1. Restricting to segment 433-460, and then to whatever is small (Gly, Ala, Ser) and part of a helix (DSSP H, G or I), can you tell me which residue is nearest to GLY200 (Cα to Cα)?
2. Could you figure out which of (1) over 28 Å from the mean Cα position of the chain (by Cα); (2) modelled with pLDDT of 85 or more isn't true of ASP472?
3. What is the number of the single condition among (1) in a helix (DSSP H, G or I); (2) without any contact (Cβ under 8 Å) to a residue 40 or more places away in the chain that LEU311 does not meet?
4. So, PHE387, is that one surrounded by fewer than 19 Cβ atoms within 10 Å (Cβ to Cβ), among the aromatic types (Phe, Trp, Tyr) and not assigned by TED's automatic domain parsing to the domain that holds GLY614 or not?
5. If I filter segment 170-226 down to residues being within 23 Å of ALA71 (Cβ to Cβ), touching a Gly at 6+ places or on another chain (Cβ under 6 Å) and outside any helix (DSSP H, G or I), which single residue comes out as modelled with the highest pLDDT?
6. Restricting the search to segment 613-642, which residues are surrounded by fewer than 21 Cβ atoms within 10 Å (Cβ to Cβ), assigned to a helix (DSSP H, G or I) and touching a residue at least 12 places away in the same chain (Cβ under 8 Å)?
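The values are calculated or read from the model by the stated rules, or taken from the named source; none is laboratory data. On a predicted model such as this, the values are computed, not experimentally measured, just so you know. Counting neighbours? That spans all protein chains shown, and the Cβs are built from the backbone with ideal geometry, glycine included.
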Amino acid sequence: MTVGIGTGGGLVAPSESELAEYEQEKPARQLRPALDLAISVWCAIISVGVLLQVFFPLPQGTQFYLVIFLAAVLPITLLCYRGWKVPSFVNPFKARATDNPGITDWILAVIALAVCVYPLVDFDGYLERRQAPTALDVVAGAVLLLLLLEACRRTTGWVLPLFSLLFIAYAYYGGYLPYTWSLAHQGFNFDAIIAQFTMGTAGFYGTPLSVAASYIVLFTIYGAVLDYSGAGKFFIDLSFAAFKRSRTAPGRTVTFAGFLLGSVSGSGTATAVSLGTVSWPILRRAGYPPEPAGGMLAASGIGAILSPPTLGAAAFIIAEFLQVSYLTVLGYAVIPTILYYLGILLAIEIDARRHGTTSTEVSEQSALRLLLRFGYHFLSLFVIIGFMAVDVPPFKAVVYAVIIQFGLSFLDREHRLAAGPLFKALAQGTRSVLPVAATCATAGVIVAVTTQTGLGLNLAEIIVGAARGLTDNHTVVLILTVVLSAFAVLILGLAVPVTASFIIAAVIIAPALVQLGVTQPEAYMFIFYYAVLSEVSPPTALAAVATSAITGGKVMPTMWQAWKYTLPAFLVPFAFVLTDNGAHLLGQGSLIGMLWTLAVSMLAVAALAVVTGGWILVATSWIERALCVPAAVLLLYLAPVTITAGICLLLVAVVINLVRRTRQARPTEGTVVP
């Protein structure tokens, strides 16, 4: 469960229904105590099995383990998440007083267990029949497909299941398209499609579910252990104690707290909600209007899943797609993270001046004392990075971190992980991954169809061909493709969770970028950032909707304020894919190259802050802001000529603002100067 913070400074746990009201994952049922305990026991057993699998892997291989994992989580997903809501005028019987699963849910759960376990009866023979599946193989696979679509619908909504059905229809009917069409393929019958989903390594049991069943579930267990051992409370207390009395202290506190709390929650929107419950009273007391405060909270929450050391679930999939270590992916995110938080901090400084905020006491605690007493909570985070730095696989590193955090919890009498809290942490670790597992297994449909039909390359040719139909200039073609790709990922992310939108975009859009000369790391990181940023993008902007409900601000203005705070994150990824030196921003190349591109990009972020905040030394006019727009764009292109032009434009804007400040400070005629 995601950590929340009470107004008294202690941690409270927001209910799943409160958090899920603003999340793309639907709220789980509120089960009766006996059933809830039974499912918690099952989830804890799964967590123990996942931890043991790291050091004692099953001899039958990864796919065998994935079949067992799906058999363990799919039935309880159908039990824990609500199905169809029957309208009262259709249901002649009295509505149930509880939220427990009904008879239909239990039947679906039993069938799910049966079809998931079916391949294990004769696993080797099952795989050998891939080219000629039996009728029972096809029936079991088709039922599993329907149950996965239903589980995904229950946890994330209709969009991903509908996408999956569309891809299935393409796999079946694509052979009837005119052969001259780029999207035409040889066509596949239903048996071949189901076999690809269930017997291959690119379907239900492909990379997405493999990542969920190894990396993601281990990190959700780790996050739960951090939560129950008191790390979340410490991170918040430290953030509030780190910044003393000043007019920008509340904003800085929110930003720092969001960064730390994200390592526990792993969800941008949930982090924003949890953070807002305690931070809004302080921001209001400092003089922040509801809309800017809500935007700041949303940006701080989303920043947590854009930043090392945790990043989001999609980062693990990037590592698998690229066949690189997770530590390498963390390295890609370091400089973009610096630029992201620089943009937020500059916006905070500007807002403090524009809104006339006042200094307020954020915390009476001593940051040094907190660090000396509870600083050990950072140790497990450093352990993960340290082990990965010496080539220990991330799934082993996180298990070591869980063990260390468990031992360290006994240093705090209030949060020691005795039998009860440890059981709850293990159960919560698996419960948190249920929506992700359903999403990843269902997304395997899209990956399988794309692989089977060659759709990725075909769509890449169509996208690039459309851009080339407008111009023959390679640079312009690349720019058009990148802009269209950004909009496509944002629109996709408005409807499906980050993990699903990344997977879909990675198999469809990334090949188009690679075809134009963009490297795979640059393409995947570009897609990753825009998939995450969909959570602060109008017109839905889930994180902003959630924080506006907390601050009482208007929804659309809060969305635009969140967009203002996150603007650098929207523009910096363009530098990854459009410029020759963009790879330096992902930590690739020489150290000098990384340093100078970071310095130039920081100037670009400062120019963007002027554009959105309207302040340099004093409030700007439209002239300074107009000058800073091309300045930021030219600086981000990271070429010597454009950098020089961008710096000149920025200097002109600063000089104009300095002159305005001098005139404002000059005494007016007739004023007596003492």
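1. ALA448
2. Every condition holds for ASP472 apart from (2).
3. (1)
4. no
5. PHE204
6. Correct list: ILE623, ARG625, VAL629, PRO630, VAL633.
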